[in-house]
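Nothing in this text is a laboratory measurement; each read-out follows from the coordinates by a stated rule. Small disclaimer: the values here were computed from a predicted structure and weren't measured. As a convention, Cβ positions derive from the backbone with ideal geometry for all residues, glycine included, and neighbour counts pool all protein chains shown.
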Amino acid sequence: MPLPHAGSLTAFVSLVALALLVGCEGAPADGTDQTIRELEARASKRAPQIEVSMGYLHHHGQDWPEGEVRIEGPDGQEAVLTRLLVVTSAVELHLCAPTNTLGATLYDLLLPTAHAHVPSSATRQGTPYVEDLLGPARATRMVGGIAPPPGDYCEMHVLLTPADDDIINLTGVPTSELDGLTALVDGRWRPSPEEPWQEFRWTHRGVHIARTPLLNPKDGSAPLALNAPDDTALLLIDKSLSLTNLQNTRWSADGPDFTPVMHELPDRIELYRFDRPPSP
C-alpha cells in the first residue's frame, strides 16, 4: 500500500541529497544545514483532516437474567445459551445527499455475495469483528477509524456478513470455526423436562444490513456535521438484546433455530449516544 506522503518524502530525500552534494563541492555548511532544517519542518507538517474513530458495545434489556440465559419453547423445549456471536463486517457513513436509487438497488443485489472483509475507504470502516452478545454489557472495544471528506452525514449502514480469517476475534471460539459464518450460538437444550440435556451449536451464514440515522453522539443533534478540517467524532455501534428477543427462537427436532432473532437484529442496532443511557 503506498505511504500517505510518499511523494513528499521522495522530494525531501532528493533535495537533501542535492544539498549535501552541493555542500561537498564547497557550499557553506551553515546554508546547507538551514536548508535541511527547513525541509524537515515542511515534511513534518500534515494537512488537517477529519478523523472518525469507531468501536462497538452492546447492552441488555431490563428482563435480562442475572444468571444463565434460558429460553423456552411452546411445547416444553428448553435451552441454555452460553454464547451468541455476531460478525460485523463494515460500517459506512452516508452523506445527506439525494439517494441514488439505481446505485442503492445494485448495492442491495450485490451485497449477499460480499465476503466479510469489505475494503475500507474514506467513508467505510471495513475491519470485521466478532462480538459475543451474551458477554458483559457496555464493554467498549475500538476497531479503527476513517478520514471522511467534509460534509453533513445523515445515515449509517452496519453490515453483518460471513467472517473470514482476517477478523478481529476476542472470543473463546477459534477464528477457524467462525470462517464463513455470520452468527454462531452455543449452548445445551432438551426437547422436554423429562429428557436429558444435549449440547448444540447453531450457525448462520445470512447477510443483513442495518440502516440507522446518523447524529452527533455527544448531544443527539442531527445530522452529524463534519465540516471543519480538524473535526473529530467517536462512533460506537450499539446492539441491544433482551430475553424477549431471544424468545422469538424457532424450534425443531434438532433444537433451537435463531434465524428470526438474526432477521430482527438490524432493527436493534443504533449509534450509542453519550448524552443519555441506551434504551432497553
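In this rough spin-label picture, where each label sits 7 Å from Cα along the Cβ direction, the Cys96-Ala222 distance is 1.0 nm. Annotation: amide H-H contacts under 5 Å for Glu155 (H modelled 1.01 Å from N, sequence separation of 5 or more, or interchain): His94, Leu214. Distances between placed amide hydrogens fall under 5 Å for Leu134 paired with Leu84, all partners being 5 or more residues away or on another chain. Rounded to the nearest 0.05, the FRET efficiency derived from the C-beta distance between Ser53 and Arg201 at R0 = 30 Å is 0.30.
Of the listed peptides 82-89, 152-159, 260-267, 249-256, what is their order by residue-averaged count of other C-beta atoms within 10 Å, with the highest listed first?
Details: 82-89: 22.6, 152-159: 19.6, 260-267: 16.5, 249-256: 14.6.
The peptides rank, most packed first, as 82-89, 152-159, 260-267, 249-256.
Figure legend: label point modelled 7 angstrom from the Cα of Glu66 along Cα→Cβ; residues of the stretch 125-141 with amide N under 19 Å from it are 135-137. Hydrodynamic radius of the stretch 124-280 by the Kirkwood approach over all distinct alpha-carbon pairs: 17.8 Å.
Based on the Cβ-Cβ distance from Val80 to Arg211, what FRET efficiency comes out when R0 is 35 Å, to the nearest 0.05? Can you show the working numbers first?
On the way: r = 34 Å, r/R0 = 0.96.
For R0 = 35 Å, the calculated efficiency reads 0.55.
Dipole magnitude for the stretch 208-280: about 120 debye, using +1 per Lys or Arg Cβ and -1 per Asp or Glu Cβ, origin at the Cα centre.
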